[in-house]
Amino acid sequence: MPRAAPRGREHREHREHRERRDEKRKVGRKSERLDQVPDDEKERERKRSAETKKWGKCIFLLLGAATFQAVVGLSLLQSRGEAVNRSDLLVNSGGVAGPLAVFADPEAPFVVEVKAEGKERVLDPGDLAVLVLSSSRKVWLLRATLQSLSRVDGLRAANVLVSLASPGTGNQLDAIQEFGFACAGFEGKGGNMKKYFPIFQQATRGSAHVRRSLGFAQKHFAGKEMTSLVVLEASMSVLPSAFGQDESIFCASALNENGLAPYVADLTVLHRSDNFSSLAWMLELRRVPPLLAAWKQEDWRTWLQQHMVDAKQQCIFPEVSRVALATADCHSTAIGSSP
């Protein structure tokens, strides 16, 4: 029994020594973890800094490119404006304004000298027939188009025909009669309107409406000494100067579909393209019968453009559009949205 006490003491000392050793190990591991935390934060900070620098360089390059493009565009516009000489835009010494002067001066009358049968004659808006395609019941859209047409210098009321895709409302007919224009409509819907032609039997839209409207316009304007037919959708506002012969030109459009500011500014520039603009276009009346004979009931816009390309013809259009959409709702009155 006396010998057991030392072994108990040794055992206790050994256990205390082991506990102190374990405690030191725990403290060591904890200090190691504490030492690693700042390194991890430094690594994350380094990654964030590198990412910020990368995006900063991208933004700087984009801003530099945009600034360079703006400076070049402004210098080109300024040099082009300085190069335009108004004296070069006159047809003769008498000061008769030609087509370029019309685009340069929105208030200038449209007077162009053309040759016909070996003689020179003057062409003005009085020689143009205008067909307005109304495919919507929104009266304010139709009124905006008709009002703009009434302000075109030299365009007579007898030159304008409005074609309804569906039976019009009383307000629509009142608007047409107010400006003295003729209307192609439906039986029993004209009321007391004087220039109302009840020729349609049922409502339609798209290709069928365009075809039947062109057919009646050909008959309606026959024998009235009109040389060209302007086709407008009843959502376009026409400038007073909106409204000249080349067999390779299929049509003339008043709309530049890509004419976005500030990339267009020169009112004297005309473009020629294989692209067909179907919202505000003009063609000669003599071209209508061949079109009707070959008309396709499918997507008429695509077919008409292919017909133009096959004939090696183009359309001309101004850099700055001479018409504007009366609404931002592009699908509300699109006559070509369905076959």
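The values are calculated or read from the model by the stated rules, or taken from the named source; none is laboratory data. None of the values given here were measured: they were computed from a predicted structure. Glycine gets a Cβ as well: all are built from the backbone with ideal geometry, and neighbour counts include every protein chain shown.
The set of residues in segment 297-309 being in contact with a Phe, Trp or Tyr (Cβ under 7 Å, 6 or more places away or on another chain) and more than 11 Å from residue 210 (Cβ to Cβ) consists of 305, 308.
This table checks each residue for (1) assigned by TED's automatic domain parsing to the domain that holds residue 242; (2) buried (at least 17 other Cβ atoms within 10 Å of the Cβ); (3) within 17 Å of residue 219 (Cα to Cα).
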{"site": "281", "(1), (2), (3)": "yes, yes, no"}
{"site": "287", "(1), (2), (3)": "yes, no, yes"}
{"site": "290", "(1), (2), (3)": "yes, no, yes"}
{"site": "293", "(1), (2), (3)": "yes, no, yes"}
{"site": "297", "(1), (2), (3)": "yes, no, no"}
{"site": "305", "(1), (2), (3)": "yes, yes, no"}
{"site": "312", "(1), (2), (3)": "yes, no, no"}
{"site": "315", "(1), (2), (3)": "yes, yes, no"}
{"site": "318", "(1), (2), (3)": "yes, yes, no"}
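Counting only strands (runs of 3 or more DSSP E) that fall entirely inside segment 180-287 and contain at least 1 residues that are under 14 Å from residue 130 (Cα atoms) and not charged (D, E, K, R), the qualifying elements are 182-186, 228-233, 236-238, 249-253, 280-284. If you check 173, 131, 155, 149 for being within 23 Å of the chain's Cα centre (by Cα) and farther than 24 Å from residue 290 by Cα, only one passes: 149.
Whenever a residue of segment 282-296 is over 15 Å from residue 251 (Cβ atoms), its partners that are of a type in the set (Lys, Arg) and surrounded by 14 or more Cβ atoms within 10 Å (Cβ to Cβ), lying with C-beta atoms within less than 6 angstrom and at least six residues away or across chains, give the pairs 295/211.
Given the criteria hydrophobic (A, V, I, L, M, F, W, C) and not in a loop (DSSP other than H, G, I, E, B), does residue 149 qualify? When the stated conditions are applied, residue 149 passes them. For residue 227, the requirement of being closer than 23 Å to residue 170 by Cα and either assigned by TED's automatic domain parsing to the domain that holds residue 287 or among the aliphatic types (A, V, I, L, M) (or both) is not met. Among the residues of segment 95-115, is there at least one that is at pLDDT below 85, surrounded by 15 or more Cβ atoms within 10 Å (Cβ to Cβ), among the charged types (D, E, K, R) and not in a loop (DSSP other than H, G, I, E, B)? So far as segment 95-115 goes, no, none of its residues is at pLDDT below 85, surrounded by 15 or more Cβ atoms within 10 Å (Cβ to Cβ), among the charged types (D, E, K, R) and not in a loop (DSSP other than H, G, I, E, B).
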